[in-house]
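Everything on this sheet refers to the single structure shown next.
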Amino acid sequence: MSWVIVALAAWIGGWYLNIRLSHAAVARTRAGQLAVPVIFGLTILILWEGLVRGLNVSPVILPPPSAVLARIGSSLPTLGADFWQTAVKGALTGYVLGCGAAVLTAIAIDRSPFLQKGLLPVGNFVAALPIVGIAPIMVMWFGFDWQSKAAVVVIMVFFPMLVNTVAGLKATDAMQRDLMATYSASYWQTLAKLRLPAAMPFLFNGLKISSTLALIGAIVAEFFGSPIVGMGFRINASIGQLALDMIWAEIAVAALAGSAFYGLVALIERRMTFWHPSQRR
Amino acid sequence: MRNIVPILTVVAAIVILWYGAAVKLNSAWVYDQATRAGAKVPSFSQVVTETMNQERPVLPTPHQVTAELWKSTVGMAITSKRSLVYHGWVTLSATLLGFAIGTGLGVLLAVGIIHNRAMDMSVMPWAIASQTIPILAIAPMIIVVLNSLGLQGLVPKAIISAYLSFFPVVVGMVKGLRSPDQMQLDLLKTYNASAAAAFWKLRVPSSMPYLFASLKVGIAASLVGAIVGELPTGAVAGLGARLLSGSYYGQTVQIWAALFAAAIVAAGMVILIGVIEKGTLKRMGMVR
């Protein structure tokens, strides 16, 4: 019982601290803005740990964070191999291929309003569909290894990226294009020097959406069949063994990988589209 | 209406490409059969006709999928275990329940966030960061854990759906409830309006476009959640179960039919929300 009381006290203390912090002058500084969510996250972890210990929750139902952390420490090689198989081989390959193909397709249909009118509604429609459902088919076609996961990812990221790129290529206004025309710039010069740079905010929006989709696609596709390595495989196999700490360890890795991937794209975006109003500080 | 011609052209092109791909992918099996039977190499027209109606094709042709869809929706009693209406309803009911829970909680949290500074500063970064986490990966675990707690069937799937539709709604609603600008808020202050009045008369109406935009994202995510939630329970019922059993037994036509059923359900839900959105915004005078 004492664990529960300690946890609740930590929760109330953290919450009180946060209320004080958010109303204090420090809330407007960068450190304050970082500290408040961190404190919140920590209190959640303490509450979780305390409740699990205090109420004697079976580790088969919910392992405490300390057990998950210990598991991460003890099975780093396994987690590393799973990460390599799923995130790098499956998700990243598919992400690069899918986003690349979508940008090229968008440039290809750029000159034809007819194709755009036809492809965009179809693309919007497909972007809303449960595309992960295509995973069993891809596993059947490309086998159990990472190729099938990459294929699922390609299809998942293609349409959001296509829709964003086409929208981005329309982002220049007539004045700017007229200026390029007065310079007697060719179509490709206009594309490379004006329209692609102007499309960058949209491209990065698509890239950010796709970065999350890619990891989800690769993990879920592994539920339909995979070699004996990979994050989705490990989650599925650990369920059978009721090794919940392993699953949470994989989830932690997936969360870290997803956030890091997203953060990386956002960082590149900040570097490349520093001129855009949304990036100014 | 002017857009209908290009859309139909693109769809027709996709169907033609699909047939072409079906011939190419399925022909290997035809050649294989011919060699095994010791017959001479079949001509191209023979191959094309052979690839159109295989029982377990690598890629089923569009008419096979349509026929299977028709057979398993209209051609069967909806109580039958092979009826896609039955499986679709199993998935849809979990989706809708989860969507309702997720949206309700999401709106509540958003209201809390805009009124409480501490909550805003501590929860909001996590809500945004959670979008970058492959949440779907937890789905099987939630199912199994709830199963061991004695919960099964509709509720665990609905919880996953709720979880997935929750965050888009929170983020969208916080944006929407904050969308009235300072001028408008100041005007209400000059009217001596209470915080509650400002909330109901200004913030809620102006958040509607944001709410509907996130509802559309949320319902699509809910459906994905429900489908994935059906995978680890061992293919009992639902569209996800149809996908899984199809992939176990190599029933490609069944997989494609389930996939299209899921697509139709998703599109139907998004269109339905779109219609409600249009009607609501029109009554509120927000559509120009």
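Check off (1) open to solvent by 100 Å² or more (accessible area, probe 1.4 Å); (2) in contact with a Leu (Cβ under 6 Å, 6 or more places away or on another chain) for B:Ile16 and give me the number that stays unchecked. Every condition holds for B:Ile16 apart from (2). Tell me whether the range B:156-166 contains one or more residues that are under 30 Å from B:Ile142 (Cβ atoms), in a helix (DSSP H, G or I) and open to solvent by 50 Å² or more (accessible area, probe 1.4 Å). For the range B:156-166, residues under 30 Å from B:Ile142 (Cβ atoms), in a helix (DSSP H, G or I) and open to solvent by 50 Å² or more (accessible area, probe 1.4 Å): present.
Look at the range B:259-286: where a residue is within 15 Å of B:Phe212 (Cα to Cα) and a partner is in a helix (DSSP H, G or I) and among the β-branched types (Val, Ile, Thr), sitting 6+ places away or on another chain with Cβ atoms under 6 Å, you get B:Met269/B:Ile219.
From the list A:Leu203, A:Leu264, A:Leu207, A:Leu256, the one residue that fits, being farther than 24 Å from B:Ala226 by Cα, crowded, with 16+ Cβ neighbours inside 10 Å and within 14 Å of another protein chain (Cβ to nearest Cβ), is A:Leu207.
Checking the conditions here, which among B:Val41, B:Val11, B:Val23, B:Val90 is buried (at least 18 other Cβ atoms within 10 Å of the Cβ) and either without any contact (Cβ under 8 Å) to a residue 24 or more places away in the chain or more than 23 Å from the chain's Cα centre (by Cα) (or both)?
So the residue among B:Val41, B:Val11, B:Val23, B:Val90 that is buried (at least 18 other Cβ atoms within 10 Å of the Cβ) and either without any contact (Cβ under 8 Å) to a residue 24 or more places away in the chain or more than 23 Å from the chain's Cα centre (by Cα) (or both) is B:Val23.
Where in the range A:85-195 are the helices (runs of 4 or more DSSP H), entirely inside, with at least 3 residues that are exposed (fewer than 15 other Cβ atoms within 10 Å of the Cβ) and more than 14 Å from chain B (Cβ to nearest Cβ)? Steps first, please.
Values: elements: A:93-108, A:113-127, A:135-142, A:146-169, A:174-182, A:187-190.
In the range A:85-195, the matching helices (runs of 4 or more DSSP H) lie at A:174-182, A:187-190.
Within the range B:223-257, the set of residues being crowded, with 24+ Cβ neighbours inside 10 Å, of a type outside the set (A, V, I, L, M) and more than 10 Å from chain A (Cβ to nearest Cβ) comprises B:Gly229, B:Glu230, B:Gly238.
Residue selection: A:Ser74 satisfies the criterion of being polar (S, T, N, Q), open to solvent by 70 Å² or more (accessible area, probe 1.4 Å) and under 30 Å from A:Gly50 (Cβ atoms). Selection within the range B:118-160: residues that are more than 7 Å from chain A (Cβ to nearest Cβ) and small (Gly, Ala, Ser). The member of this set that is farthest from B:Gly240 (Cα to Cα) is B:Ala127.
Going residue by residue through the range A:226-242, is there one that turns out to be assigned to a helix (DSSP H, G or I), of a type in the set (Val, Ile, Thr) and more than 7 Å from every other protein chain (Cβ to nearest Cβ)? No, that holds for no residue.
Being of a type in the set (A, V, I, L, M) and at pLDDT 85 or above holds for only one residue in B:Ala13, B:Ala77, B:Ala37, and it is B:Ala13.
Being surrounded by fewer than 20 Cβ atoms within 10 Å (Cβ to Cβ), within 14 Å of another protein chain (Cβ to nearest Cβ) and either in contact with a helix residue (DSSP H, G or I) (Cβ under 8 Å, 6 or more places away or on another chain) or not acidic (Asp, Glu) (or both) holds for only one residue in B:Ala193, B:Ala267, B:Ala261, and it is B:Ala267. When B:Thr79 is tested against (1) more than 10 Å from chain A (Cβ to nearest Cβ); (2) polar (S, T, N, Q); (3) part of a helix (DSSP H, G or I), exactly one condition is not met: (3).
The values are calculated or read from the model by the stated rules, or taken from the named source; none is laboratory data. If you're wondering where the values come from, they're calculated on a predicted model, not measured in any experiment. Because the Cβ atoms are built from the backbone with ideal geometry, glycine has one as well, and the counts that use them run over all protein chains shown. The accessibility values were calculated without ligands, DNA or RNA, using every heavy atom of the protein model including side chains. Shrake-Rupley method; radii C 1.70, N 1.55, O 1.52, S 1.80 Å.
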